[in-house]
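The values are calculated or read from the model by the stated rules, or taken from the named source; none is laboratory data. Only a predicted model underlies this, so the values are computations on that prediction, with no experimental measurement involved. A quick note on method: Cβ atoms are made from the backbone with ideal geometry, for glycine too, and the neighbour counts reach across all protein chains shown. Protein only, heavy atoms only, side chains kept; ligands, DNA and RNA dropped before computing areas. Shrake-Rupley method; radii C 1.70, N 1.55, O 1.52, S 1.80 Å.
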Amino acid sequence: MRIVLVVACALIDPDGRILIAQRPEGKNLAGLWEFPGGKIEPGERPEQSLIRELAEELDISVKEACLAPLTFASYAYEDFHLLMPLYVCRRWEGTPRSREGQALKWVRAGKLRDYPMPPADEPLIPHLIGLVGA
Ligand code: 9L3
Ligand code: MG
């Protein structure tokens with residue numbers, strides 16, 4: 001089974017809300033809400049990939065020291081196995097804005113269940129509730 005490494009981030013604002021993004025039409029899992037991130041490209045360290053993805057998708061600049069590992073997702077899709085570290089970040093430069101047509105939403109951890117997510121992301125929710133409260 002091919003293992004695909006993807007990195008994701010829970011951006012947390014000063015109110016304790018978490019940013020989720022809706023996967024746009026044309027991508028797989030379109031319409032589902034996810035923690036922003038993407039695939040690790042060859043030659044990249046995970047933190048570099050995440051910083052690149054956050055710039056590409058959200059137009060924010062994040063320093064590596066501001067990324068803290070929280071947990072990970074491990075999920076068997078039909079044709080590959082997804083391994084996805086989840087980082088949390090409370091400090092960034094710029095204001096997150098949609099650069100790829102994806103809708104964005106700041107949501108309390110206890111409300112994340114109201115947003116349909118890829119199955120890989122769902123088990124991450126209790127870890128975020130544990131971190132910031134519901
Ligand atoms: N994925 C799942 N949850 C996430 C992210 C960022 C990604 N929070 C899955 C969707 C795709 C694969 O990982 O199957 C690669 O993501 P992308 O490069 O299409 O964003
Ligand atoms: Mg992505």
*asked:* It is to be established whether one or more residues within the range 1-15 are at pLDDT 95 or above, more than 16 Å from ligand 2 (Cβ to nearest atom) and under 17 Å from Pro119 (Cα atoms).
replied: yes
*asked:* Going through Tyr115, Tyr87 one at a time, which residue ends up being closer than 21 Å to Val4 by Cα and either in contact with a Leu (Cβ under 7 Å, 6 or more places away or on another chain) or not charged (D, E, K, R) (or both)?
replied: Tyr87
*Residue satisfying all of: in the range 48-60; surrounded by 18 or more Cβ atoms within 10 Å (Cβ to Cβ) and more than 11 Å from ligand 1 (Cβ to nearest atom); nearest to Val7 (Cα to Cα) among these*: Ile51
*Under 6 Å between Cβ atoms, at least 6 apart or on separate chains: pull out the pairs that start in the range 44-72 with a residue that is touching a residue at least 12 places away in the same chain (Cβ under 8 Å) and end on any residue that is open to solvent by 60 Å² or more (accessible area, probe 1.4 Å) and not in a helix (DSSP H, G or I).*
Glu57/Arg99; Glu57/Glu100; Asp59/Arg97; Asp59/Arg99; Ser61/Glu93; Cys66/Arg91
*Within the range 85-105, can one find any residue that is in a strand (DSSP E or B), over 13 Å from Cys9 (Cα atoms), open to solvent by less than 70 Å² (accessible area, probe 1.4 Å) and in contact with a helix residue (DSSP H, G or I) (Cβ under 8 Å, 6 or more places away or on another chain)?*
yes
*Filter result for the condition that a residue is in contact with a helix residue (DSSP H, G or I) (Cβ under 7 Å, 6 or more places away or on another chain) and of a type outside the set (Gly, Ala, Ser), over Ile3, Ile60*: Ile60
*Test Lys63 against the criterion of being within 10 Å of ligand 2 (Cβ to nearest atom) and open to solvent by 30 Å² or more (accessible area, probe 1.4 Å), and give yes or no.*
no
*Here is a list of conditions, (1) within 13 Å of ligand 2 (Cβ to nearest atom); (2) out of contact with any Asp or Glu (no Cβ under 6 Å at 6 or more places or on another chain), and Gly37 meets all of them except one; can you say which number that is?*
(2)
*List the number of the failed condition for Arg113; all other conditions in (1) in a strand (DSSP E or B); (2) within 19 Å of Ile129 (Cβ to Cβ); (3) more than 11 Å from ligand 2 (Cβ to nearest atom); (4) not hydroxyl-bearing (Ser, Thr, Tyr) hold.*
(1)
